[in-house]
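Data first, discussion second: the structure below is written as structure tokens.
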Amino acid sequence: MPKKNTKTVQDDNPVELEKDSEREAEGLSRHHSEASIDEAASSPDEEAEKGLAAEEGADVDADIPAEIAAINTDNEIAKELNEPATKKGAKKTESKKVVSKKAKLRSKKYHQAKNQVEAGKRYPLDEAVTLVKKVSLSKFDGSIEVHLKLIKKKGKVVSESPKGLFHLPHGSGKQKNIIVLDENKIEEIAKTKRIDFDIALASPELMPKVGKIAKILGPKGKMPDPKSGTVTNDPKKTIEEINAGKVEYRIDAQNQVHQIVGKVSWDDAKLLENIRAIFATLPKSRIETAHLSASISPSVSIDLNSL
């Protein structure tokens with residue numbers, strides 16, 4: 001048996017060779033692992049898109065109550081998750097089924113109403129009001145809402161307040177439950193954390209004590225605030241102003257404003273006056289898009305040039 005060349009082994013440094021071999025094996029393993037993850041992540045998306053495309057081309061107008069459809073969807077998903085994935089395409093089938101079920105939640109009546117609204121068209125304000133009342137589907141007297149997408153201010157400017165006031169000539173049509181806070185009510189809220197009102201008023205002198213429940217009222221938008229007029233020495237007058245149509249609006253995280261402007265049963269003239277009061281407060285130069293909708297209805301886009 002030939003003698004081992006110890007010099008060569010020493011020159012090759014077996015410790016380093018072993019480390020190099022481990023690094024190469026680890027690199028190949030990581031490469032195959034990442035490739036598998038990418039394939040697994042992309043396949044369901046592709047199948048979901050195919051499923052969605054198929055559903056959009058099919059008749060999805062089955063008039064199934066949303067509650068029943070949701071229960072059926074949950075049952076189907078649970079069944080899929082509990083079954084062993086015996087086939088390679090198991091996840092793809094599950095993704096396709098979920099898309100199919102979700103696509104059937106809209107009723108036939110809703111789609112019929114939506115077909116009356118021309119896709120991509122922006123309607124003059126008076127036509128938009130008439131149309132949104134026509135496509136309202138609620139059996140009760142639904143509310144009409146204005147939805148505004150505001151233009152984000154560019155450059156280094158002082159950030160605007162996320163709150164403001166609208167003065168609607170005819171009110172919003174929604175009765176507000178207004179209370180005037182006192183020490184007893186503050187203690188009750190602190191103890192129960194229950195909010196059974198829409199608007200809370202407080203005197204300036206009481207505000208330090210109101211701070212005790214700020215973490216309860218604040219997240220719900222119920223905290224008295226001088227900017228909204230809910231910190232007042234004359235609560236009776238403030239209540240009259242609110243009932244007469246003074247409403248607070250908020251700009252949300254998506255730079256949008258949503259405001260009820262009346263009821264479906266109202267005549268067009270009253271709704272138009274309220275809507276124009278909003279656009280007087282937030283002029284069209286600040287607005288990117290504007291839509292009208294009812295409590296249950298497709299939305300109608302407003303042509304800002306008609307204001």
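The values are calculated or read from the model by the stated rules, or taken from the named source; none is laboratory data. Since this is a predicted model, take the numbers as computed values, not measurements. In this analysis, Cβ positions are derived from the backbone assuming ideal geometry, glycine residues included, and neighbour counts consider all displayed protein chains. Remember, those area values only see protein heavy atoms, side chains included, never the ligands or the DNA or RNA. Shrake-Rupley method; radii C 1.70, N 1.55, O 1.52, S 1.80 Å.
Would you mind getting me the FRET efficiency between SER295 and GLU205? Use the beta-carbon distance for r and R0 = 41 Å, nearest 0.05.
The computed FRET efficiency comes out at 0.50.
Want the number for LEU304 to LYS284: 0.36 nm per residue separation, take away the alpha-carbon distance, what's left?
Taking LEU304 through LYS284 to full extension adds about 6.6 nm, to one decimal.
Relative to a virtual label point 7 Å from the Cα of ALA190 in the Cα→beta-carbon direction, which members of the stretch 196-211 show backbone nitrogen distances below 15 Å?
Residues 206-211 qualify, since their backbone N sits under 15 Å from the label point.
Based on the Kirkwood radius over alpha-carbon pairs, what value in µm²/s does the Stokes-Einstein equation return for the translational diffusion coefficient of the stretch 202-307 at 10 °C and 1.306 mPa s?
This corresponds to a translational diffusion coefficient of 97 µm²/s.
Hey, can you grab everything whose amide H is under 5 Å from the amide H of LEU168? Only 5+ residues off in sequence or another chain; H modelled, so Pro and N-termini drop out.
Hits under the 5 Å cutoff: LYS246, VAL247.
Once amide H atoms are placed 1.01 Å from N in the peptide plane, what residues at a sequence separation of 5 or more from LYS263, or on another chain, have their amide H within under 5 Å of its amide H?
ILE144
Which pairs, out of LYS149/LYS227; LYS109/LYS246; LYS263/LYS284; LYS152/LYS236, put more than 27 Å between their alpha-carbon atoms?
Table pairs above 27 Å Cα-Cα are LYS109/LYS246; LYS152/LYS236.
Charges on Cβ only, +1 for Lys and Arg, -1 for Asp and Glu, centred on the Cα centroid of the stretch 224-307; of ILE239, LEU292, SER265, which one is farthest towards the dipole's positive end?
Working it through, the farthest residue towards the positive pole turns out to be ILE239.
What trypsin sites (Lys or Arg not before Pro) does the stretch 105-143 have in DSSP loop regions with at most 12 other beta carbons within 10 Å?
Counting only loop positions with at most 12 other Cβ atoms within 10 Å, the trypsin sites (Lys or Arg not before Pro) in the stretch 105-143 are LYS121, LYS139.
As a test of reading the structure, rank LYS153, LYS185 by solvent-accessible area (1.4 Å probe, protein chains only), most first.
Descending accessible area places them as LYS153, LYS185.
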